[in-house]
Amino acid sequence: MPTLFGLFDDAKAAQKAADTLVAHGIAKDHVHVLTKADHAGLADLKNSLEADDVHFYTDSVNDGGTLLVVDALQKQVGDVAETLHKYGMVDVEHRAAEYAKMHGKKALREHQEEDYVLPVIEESLEVGKRAVERGRVRVYNRITERAVEEKVGLRDETIHVERRVVNRPVDITADLFQERSFEVVEIDEEAIVSKVARVIEEVVVSKEVAENIQTIKDTVRRSDVEIEKVAAVRTFDDFHGDFKTYFTSHLEKSGHKFDKFLPAFKFGHTLANSEKFAKLDWAHLEAGAKKTWEEKNPGTWTAFHDAVKHAFEKARA
């Protein structure tokens, strides 16, 4: 039965994790919450862990941490690990690295070359932002010409010289016989054209910025590691004594010697260790086993059936 360890800085979180595991079907006596007051529980760690790991967990608990020890069935391992993570289990690799810097010694057992290390990988969704041009407005000025017409009154002077016949007496005493002259100036007005530029309108270009919340939905993946404890395969010779005992108590009266039943025992042992039939029990396997046996030993299945079944069930157990 696999044993899982979860180190917590928060004792309340550790207790909540323990209560959740019990509520989900883990036997209460398989869930142990260890604090620095649980001397016996801490001492028992040496039965499950390497020395370096025992020192690390013991020091962590003595420093105020809480250790949750869970004995779980193989099929419960994934759920237990998820629950420990949910309630804030400490990343022991990171914590061990901190301890190593503080104390100048390794805090956890180093993985050996023969160890198989499987990473647990989980994807997370990272949402960023980028500027995307949706369109633009171009503003430019254009020079146009148009004919204009303005009326203005201009003064035009013209000098007229007129001689008139008159007959009136003058005073002869006046000095009338002197040479005299004078000028009369004609003044005209002409139009002077100039241009004055005036601002008659302004075009203002601005942008209105609005921020909206968009929900991004996607699917992320996570790889979990399932642990299955597989017993070592026992060879046929390992069962020889058991098969001999079974023959003596159940098959000796058949009239055949033990050697006669050895092929049947070996056939049952082979079936039990075949990957092809790993997920089949005897009830689902018997018909196929009979057919295979009869092909090589016609008409003898009934006589050797019990030996084959016993070897199969013994090897499977």
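The values are calculated or read from the model by the stated rules, or taken from the named source; none is laboratory data. Because the structure is a prediction, the values reported are computed rather than measured. Note that each Cβ is placed from the backbone with ideal geometry, even for glycine, and that neighbours are counted across all protein chains shown.
Data for the structure
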item	result
Residues located in the stretch 16-26, provided they are touching a residue at least 24 places away in the same chain (Cβ under 8 Å) and either surrounded by 11 or more Cβ atoms within 10 Å (Cβ to Cβ) or hydrophobic (A, V, I, L, M, F, W, C) (or both)	LYS16, ALA17, ALA18, THR20, LEU21, HIS24, ILE26
Close pairs from the stretch 140-151: first modelled with pLDDT of 85 or more, partner part of a loop (DSSP other than H, G, I, E, B), Cβ under 7 Å, at least 6 apart	none
Residues being under 20 Å from ARG95 (Cα atoms) and of a type in the set (D, E, K, R) - total across the stretch 13-45	1
Test: ALA43 is of a type in the set (Gly, Ala, Ser), without any contact (Cβ under 8 Å) to a residue 60 or more places away in the chain and assigned to a helix (DSSP H, G or I)	yes
Search result, residues across the stretch 185-199 that are touching a Lys or Arg at 6+ places or on another chain (Cβ under 9 Å) and part of a loop (DSSP other than H, G, I, E, B)	ILE187, GLU189
Conditions (1) surrounded by 14 or more Cβ atoms within 10 Å (Cβ to Cβ); (2) under 30 Å from GLN76 (Cβ atoms); (3) aliphatic (A, V, I, L, M): number failed by LEU251	(2)
Filter pass, LYS12 being more than 20 Å from ASP224 (Cα to Cα) and part of a helix (DSSP H, G or I)	yes
The stretch 81-102 residues that are in the same structural domain as ASP19 (by TED's automatic domain parsing), paired with ones that are surrounded by fewer than 10 Cβ atoms within 10 Å (Cβ to Cβ) (beta carbon under 9 Å, 6 or more apart)	TYR99/LYS105
Filtered residue count, the stretch 200-214, keeping only those that are within 17 Å of VAL139 (Cα to Cα) and either outside any loop (DSSP other than H, G, I, E, B) or among the charged types (D, E, K, R) (or both)	4
Residue identified as more than 30 Å from ALA81 (Cα to Cα) and modelled with pLDDT under 90 among LYS253, LYS279	LYS253
Matching option when the condition is in contact with a Lys or Arg (Cβ under 6 Å, 6 or more places away or on another chain) and loosely packed, with under 13 Cβ neighbours inside 10 Å, among ASN62, ASN47	ASN62
Near pairs, Cβ below 6 angstrom, 6+ apart or cross-chain, from the stretch 179-206 (closer than 28 Å to GLY153 by Cα) to any residue that is part of a strand (DSSP E or B)	ASP188/ASP156
The one condition in (1) within 17 Å of LEU73 (Cα to Cα); (2) at pLDDT below 90 that LYS46 fails to fulfil	(1)
